[in-house]
1. Report the Stokes-Einstein translational diffusion coefficient (µm² s⁻¹, integer) for the protein assembly as shown, Rh taken as the Kirkwood radius over Cα pairs, at 25 °C with viscosity 0.890 mPa s.
2. Quantify, in whole percent, the carbon and sulfur part of the accessible surface of the protein assembly as shown (1.4 Å probe; protein heavy atoms only).
3. Please give the FRET efficiency for A:LYS22 paired with C:GLN93, using the beta carbon to beta carbon distance and R0 = 51 Å, rounded to the nearest 0.05.
4. Name the residues of the range C:175-197 whose accessible area, probed at 1.4 Å, falls by at least 40 Å² once all protein chains are in place instead of their chain on its own?
5. What translational diffusion coefficient, to the nearest whole µm²/s, does the range B:1-84 have by Stokes-Einstein, given a Kirkwood radius computed over alpha-carbon pairs, a temperature of 20 °C and 1.002 mPa s viscosity?
6. Rounded to two decimals, what ratio of Rg to Rh does the range B:65-136 give with C-alpha atoms and a Kirkwood Rh?
7. Output the pairs from B:LYS67/B:LYS122; A:LYS22/A:LYS105; B:LYS24/B:LYS67; B:LYS24/B:LYS114; A:LYS71/A:LYS123; B:LYS27/B:LYS122 with a Cα-Cα distance over 22 Å in this structure; if there are none, say none.
8. Using +1 at the C-beta of Lys and Arg and -1 at the C-beta of Asp and Glu, which of C:ASN112, A:LEU53, C:VAL194 has the Cα lying farthest in the positive direction of the dipole of the protein assembly as shown?
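The values are calculated or read from the model by the stated rules, or taken from the named source; none is laboratory data. What you see is a predicted model; the values in this text were computed from it and never measured. Positions of Cβ are backbone-derived with ideal geometry, glycine not excepted, and every protein chain shown enters the neighbour counts. For accessibility, only protein heavy atoms count, side chains too; no ligands or nucleic acids. Shrake-Rupley method; radii C 1.70, N 1.55, O 1.52, S 1.80 Å.
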Amino acid sequence: MSSKPKVLIVDDEERFRTTLRKLLLVKGIDAASVGSAREAFDELDTGSYDVILLDVKMPEMDGIEALAEMKRRFPHLEVIMLTGHASVDVAVEIMRLGGFEYLLKPCPIEELTDKVEAAFERKKNRESRARKKESTQEETAS
Amino acid sequence: MSEFRVLIVDDEIDFLETLVKRLKKRKLDAVGVASGEKALDILDRERFDVVILDVRMPGLDGIETLKEIKRRTPLTEVIMLTGHASVESGMQGMQLGAFDYVIKPAGIDDLIEKLNQARERKLLHEERIRSGRNVP
Amino acid sequence: MRKESGPAGTCPDIDFTPYPIEEPGQSRLRLFQALITLLPAALAIPLFLCAGPIYALLALSVAAVSFMVAGYYIGRIARANEQKCKLDLQLIQSQKLAAIGELSSGIAHEINNPLAIIGQEVEWMKHLMKEGGCGSNTPVGGMSEFNESLIEIGRQVDRCREITHKLLDFARKKEPLIQAVDMNRLIEDMAKLVEKEARQRNVLIERNYQADLPLVRTDPPLLRQVVLNLLNNANWAIEDRGVITISTMRAGKNAVEFMVSDTGCGIPPENLDKIFDPFFTTKPPGKGTGLGLSICHGIISKLGGSISVDSEVGKGTTFTVHLPAETTKGKN
């Protein structure tokens, strides 16, 4: 497993996406970007990603709906929500649906990359625990 | 009743002169200038009730001129008159305080009616200020 | 699927008058109190002369009791009214606060997106500076990226400025100046403006003006803004090829209605509730802040009218504006 996460940025503001990609690349984080939840699902079907940066307010599919759908179809992904305005209700909903974190825009790039790394850590730990469980099960089976 | 003074601002000289002539024939005191800068200049020195303002002019364009007119003499009513109609500039103009937005060619009778309505508005506005009510 | 916005009077405005302690009904009750006191009291003297002091005293007692009982109930009614007024004010106040709260979160979101972009551009520029500086040995590519970031920052600042300006416009009270208006003429003027652009997209405008509409006493430029906004929305609701229908009609004795219909994409039922909210928009970011319909609603309320919307996804949308009119014969 690579040491750096593969990130997918989902946000309807184009300039936000492109500059964020460049900034993440400077930190050694490889990121792709799409402009809508629909495109995100297409991309997730074909590529392999570790952490998703997902905007809460987007036209067409709502960010929260997208989060629920993502967790359903790709439960191994970690999702970080980005939002323009904070609301306790939305925050609770995000955590309830299994989001890793939610960050308020504008977010300093340092904080963003820290959270991405942390999310990636959690994913790696979860997956290594799952692998260990599998191998002990195999042992007891054989 | 004081004289009804109309200022027409348009860089198309032929159109400008024709309109001034026709309005004068209808007993309006009409003056024409060919640029936004000249318009602001004359408005600084003389009183006008209504300004007919072309949207697309070289130099200071219609919207910029409108902004300045509303800043300096907010009671002067402005009718935007343009051959290059666009909904965008219409909405923008009216949000900035233009009284009306008319596409060329406009019938002279229509125009006079609008001028009258604009002037009526100016008088109502002045009346309101005199009677001490709040002004937007 | 219908959504009504209330007529003026049910929309809380920014200033409010203090509640009355005694309502008009109160004076009627006082009159009643006086009546039931004075009537038996008036009978005291004739009773004294005809039937004796006991009956006179009885009459006076009845008068006194009536006075006190009436006074007691009038007091209770007055206090109940006071309570109701207080609660009404609290309700209006909390509605206003709720509206302000909604407005603030809308604003916050609208402004935070441009701020996020500006923040990122600054980070990128710092990175470019660190990499190659901006001196004579800066590669051309780097300089143009630096410039692009600056331009983008400018663009986002402009966006914020538009938002705050439109917001100030929205909040500032624009007291209407009332003039007599020929509705058909006013609407037709705006239709002609939109028609040029609509025709390029194969959108036709059909008119259905009722002749002999009464002149409406309203604010012409404010109404023009509303009409233009509705027509513009109708135009853009239609992807390619469609019809915008404008109709005007009398509505009862002293009112006029006009409708703007389109055969466009329609509004989904979950959005109908929010359609007149400030900042609600389905347009992509940066294009239109969504203040248009909320401003329309505000203007129509100020003009004493109401605006409502009917829509079906895939079929189209109809906005109906109802305005009170004063029938004036002929022109001013």
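1. Answer from the Stokes-Einstein relation: 82 µm²/s.
2. 57
3. 0.60
4. C:GLU175, C:LEU177, C:GLN179, C:ARG185, C:ASP189, C:LEU193, C:LYS196, C:GLU197
5. Estimated diffusion coefficient is 170 µm²/s.
6. A ratio of 1.01.
7. Long pairs (Cα-Cα over 22 Å): B:LYS24/B:LYS67.
8. The one lying farthest along the dipole's positive direction is C:VAL194.
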